[in-house]
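Structure first, then comments.
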Amino acid sequence: MRFGVAQSNEEDDDLAYEVQDSPSHNRRLAPTIRRPKQKRTNSRYGVDLDYSSSSSVSFSSSNGSDSSSGYGSLAEEENNASRRKTKRKGPTPGRDRKGRRQELSSRLSALREHATSATASRGEKGIEASLDEWDRWEMISQQQARLAAQKQSASFNLALHDLAADNFDRTRRRQDTSVEKEMDQVMGLLKGLEIKRMEEEKKQVQEFDKRNKALWDTIEQTIKAAEAAQAKIQAEREAAERKEREIREEKERKQRQAQEEAERKRREAEATAAAIEAAKRKEKEKAEMEAAATVEEKRQAAVKAAEERKHKQQLETEAAAANTQAEVQAKTDASASSASVPASELVMKRVEWQKWREVMGTVKAQVIEKVKQDDGVRRGLRRSKNTITMRLGQVVNTRESIVKITEDLDQHLCSQLPTRPTPAAPFAFSSQLPIPYLYLLSHISKSLIKQAESEISAKPEAAYPLAKVVIGLLLRGHQALNDILFARLVKKCCWVIPYFPPKQPEQTDAEYRKSIGQKDVAGTEDSVQYNQRMAAILTVYLAICSADIPTIVESLNDKPTAITQLEQLIAPEFRITACWSWLAMMGKAPLPNLDPAPKLVSTAFEMVGQDMIRAFGMEQMRKMAQAYMDDGLGGKDDSVPSQGVLANRNVAARAQLRLLLEPFLYEGVGGFEEKPAKEWDI
């Protein structure tokens with residue numbers, strides 16, 4: 001201890017520190033100084049000793065005479081210094097430790113000197129007053145001891161405070177240095193990671209650029225190789241096409257020469273054959289006339305027998321003699337007019353049949369075969385063909401269905417034409433029309449006939465929707481459908497003319513069966529099946545002839561404006577007048593004696609009987625029905641089923657025809673049964 005102050009080491013670690021947490025959760029070290037409790041002591045000498053927490057010393061005499069002495073000034077100075085120190089928020093780390101020690105030493109020296117002089121002065125005064133020498137010494141010693149203790153305590157507290165402040169500075173500097181080092185380490189680590197990331201990214205970019213460049217080099221090489229191969233293939237193709245074109249042109253040239261030569265030979269052969277055919281035709285016509293004369297003789301004999309029988313009945317009933325005689329005369333006249341078959345009519349029907357066969361041959365050679373040979377056109381028409389077949393199979397007897405399907409077919413047909421046909425400017429059958437257009441018309445006709453063969457045999461009413469579709473196409477300007485459809489009908493069913501061609505000497509059995517509409521292979525179709533199929537095709541034809549044209553015209557957007565346009569759009573073969581001609585011709589030999597005749601005649605009366613009444617009148621239709629009843633079926637008396645010129649073998653068809661005619665002729669029925677299917681459903 002020096003001057004009553006214990007020496008302290010700068011590195012002393014025996015001090016107690018307390019860790020206090022600030023609101024920001026930052027820890028700091030603050031010194032905790034153990035101070036002695038405040039204590040007041042009164043000596044017997046009247047001196048008050050005050051040990052305060054601020055380490056200040058105050059002296060007061062019992063008489064108060066020393067209140068302004070040097071001790072009081074020193075104590076006040078010490079108290080002020082202590083208060084200034086306590087007002088500090090914390091230690092000042094910037095002060096110099098050595099300077100503080102020197103300042104403390106100087107202050108303690110001044111305090112000691114001041115205390116010594118004050119004590120001596122007071123001692124002298126006290127001695128003079130009342131105290132002896134021992135008491136003064138004791139009082140002075142006690143005062144000095146207390147003063148020294150106070151000085152030592154103040155010095156110790158100040159030193160301890162400075163030591164704690166220095167230690168706190170060192171700790172904070174160490175912490176700051178550690179944090180800075182850690183921050184430097186973290187920043188260095190981050191910089192290192194960033195540099196590593198940038199290097200890796202740069203490496204990846206370089207590798208990607210390298211792969212990308214290699215990829216594009218490969219792609220460019222592939223494209224160049226493909227272009228080179230394509231150029232090579234194109235050159236080879238062009239060379240092959242050029243060579244093929246040369247070969248084809250040479251072949252066509254040779255074919256033209258061969259065709260010209262063949263045409264020349266054909267004309268020569270045709271001229272020779274025409275001469276031979278003319279001679280044969282004359283002979284054949286002569287034979288047909290002789291056969292017709294024979295048939296006429298047989299018919300007249302049958303008529304004569306019928307007249308004799310009726311005359312006998314007339315004699316038995318006198319009351320009805322006059323009426324019976326008139327009826328016999330009327331029957332005789334009707335039989336004579338219907339049974340006589342002039343040779344000119346047969347020749348005309350044969351010419352008509354040959355004409356439509358030639359039309360069908362032209363369509364097959366100039367249209368169908370050319371489309372089959374051209375793969376591009378055939379593939380292009382495949383979709384339209386499939387649609388036409390499907391739509392014709394979907395048609396039902398409603399206005400919406402018929403109009404919609406007709407418009408769909410019209411769209412497919414018009415897609416093959418340069419301009420859309422109209423009722424005022426229809427497209428008639430001609431070789432100048434586009435081949436795909438004619439091919440689709442032929443396909444429509446073929447599909448109609450197939451539909452008739454498969455469905456109409458069981459349900460005749462199904463023919464009316466198909467007939468409305470045909471009339472709808474004709475009224476939209478597709479006039480060429482008249483020729484193509486009728487040619488196909490004649491090919492499949494010669495009875496629509498009606499005409500039954502005899503077998504020619506040069507014809508094979510297969511060719512002859514094909515000409516009369518039978519199946520190509522013999523034995524695949526019996527007579528009943530053939531009759532039903534011919535009746536189904538005839539049903540479609542008759543439904544077209546008897547279609548309700550005014551109703552169909554009302555559904556058109558572009559309507560015909562004159563009767564002449566209707567006459568131009570619908571050919572005579574598809575008018576109701578053709579039905580009257582057909583019935584008249586079917587009653588003439590040799591057609592009535594053929595096996596299909598009864599079935600076909602009954603089909604005609606059933607399909608168009610009422611339409612012919614409206615067109616030609618009730619009386620005319622009665623005459624026609626009476627002729628078939630008398631001559632075809634042998635009259636009202638059915639006790640002898642084999643009478644009449646209609647084929648006796650087809651008993652069921654004859655019975656069906658009788659059931660149709662008798663109510664109309666003898667039971668007062670005002671006509672034939674109306675077909676509800678003739679009118680479409682709304």
Residue match in region 585-600 (condition: in contact with a Lys or Arg (Cβ under 7 Å, 6 or more places away or on another chain) and either without any contact (Cβ under 8 Å) to a residue 60 or more places away in the chain or buried (at least 22 other Cβ atoms within 10 Å of the Cβ) (or both)): yes
Members of region 415-428 that are crowded, with 19+ Cβ neighbours inside 10 Å and in contact (Cβ under 8 Å) with a residue 60 or more places away in the chain: Pro423, Pro426
Any hit, region 504-513, residues being under 24 Å from Arg654 (Cβ atoms) and surrounded by 13 or more Cβ atoms within 10 Å (Cβ to Cβ): no
Region 567-583 residues that are closer than 21 Å to Ala625 by Cβ, paired with ones that are assigned to a helix (DSSP H, G or I) and β-branched (Val, Ile, Thr) (beta carbon under 6 Å, 6 or more apart): Cys579/Val608
Top-ranked residue in region 440-489 [being assigned to a helix (DSSP H, G or I) and basic (Lys, Arg); ranked as farthest from the chain's Cα centre (by Cα)]: Arg488
In region 369-398, the residues that are without any contact (Cβ under 8 Å) to a residue 60 or more places away in the chain, farther than 11 Å from Pro436 by Cβ and either not assigned by TED's automatic domain parsing to the domain that holds Gln416 or not polar (S, T, N, Q) (or both): Glu369, Lys372, Asp375, Arg379, Arg382, Arg383, Ile388, Met390, Arg391, Gly393
Failed item in (1) more than 30 Å from the chain's Cα centre (by Cα); (2) small (Gly, Ala, Ser); (3) not in a loop (DSSP other than H, G, I, E, B), with Ala424 passing the rest: (3)
Helices (runs of 4 or more DSSP H) fully within region 302-416 counting 1 or more residues that are touching a Lys or Arg at 6+ places or on another chain (Cβ under 8 Å) and at pLDDT 60 or above: 343-363, 369-373, 375-394, 399-414
The lone exception for Arg533 - which of (1) under 19 Å from Lys446 (Cβ atoms); (2) of a type in the set (D, E, K, R); (3) surrounded by fewer than 19 Cβ atoms within 10 Å (Cβ to Cβ); (4) touching a residue at least 40 places away in the same chain (Cβ under 8 Å) it fails: (3)
Top-ranked residue of region 142-192 - restricted to ones that are polar (S, T, N, Q) and surrounded by fewer than 17 Cβ atoms within 10 Å (Cβ to Cβ), ranked as nearest to Ser106 (Cα to Cα): Gln144
Sole exception among (1) at pLDDT below 90; (2) out of contact with any Leu (no Cβ under 9 Å at 6 or more places or on another chain) for Arg575, by number: (1)
Test for Phe500: is it buried (at least 22 other Cβ atoms within 10 Å of the Cβ), more than 35 Å from the chain's Cα centre (by Cα) and in a loop (DSSP other than H, G, I, E, B): no
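In region 660-682, is there at least one residue being over 28 Å from Tyr530 (Cβ atoms), touching a Pro at 6+ places or on another chain (Cβ under 8 Å) and touching a residue at least 24 places away in the same chain (Cβ under 8 Å)? Step through it out loud before you land on a result.
The initial filter retains those residues of region 660-682 that are over 28 Å from Tyr530 (Cβ atoms), namely 663-671, 674, 676, 679-682.
Within this subset, residues satisfying the condition of being touching a Pro at 6+ places or on another chain (Cβ under 8 Å) are 669, 680.
Adding the requirement that they be touching a residue at least 24 places away in the same chain (Cβ under 8 Å) leaves 680.
Yes, region 660-682 has at least one match.
Please indicate, with yes or no, whether at least one residue in region 642-658 is in contact with a helix residue (DSSP H, G or I) (Cβ under 7 Å, 6 or more places away or on another chain), outside any helix (DSSP H, G or I), modelled with pLDDT under 85 and under 28 Å from Ala547 (Cα atoms).
From region 642-658, those in contact with a helix residue (DSSP H, G or I) (Cβ under 7 Å, 6 or more places away or on another chain) are 644-647, 650, 653-654, 656-657; that's our starting set.
Going one step further and asking which of them are outside any helix (DSSP H, G or I), we end up with 644-647, 650.
Still in the running and modelled with pLDDT under 85: 644-647, 650.
Pick out the ones that are also under 28 Å from Ala547 (Cα atoms) and you get none.
No: region 642-658 contains no residue that is in contact with a helix residue (DSSP H, G or I) (Cβ under 7 Å, 6 or more places away or on another chain), outside any helix (DSSP H, G or I), modelled with pLDDT under 85 and under 28 Å from Ala547 (Cα atoms).
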Single residue of Gln568, Gln610 found to be at pLDDT 85 or above and either under 30 Å from Phe427 (Cα atoms) or in contact with a strand residue (DSSP E or B) (Cβ under 6 Å, 6 or more places away or on another chain) (or both): Gln568
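The values are calculated or read from the model by the stated rules, or taken from the named source; none is laboratory data. Bear in mind the structure is a predicted one, so any value in this text is a computation, not a measurement. Glycine also receives a Cβ, built like all others from the backbone with ideal geometry; neighbour counts cover every protein chain displayed.
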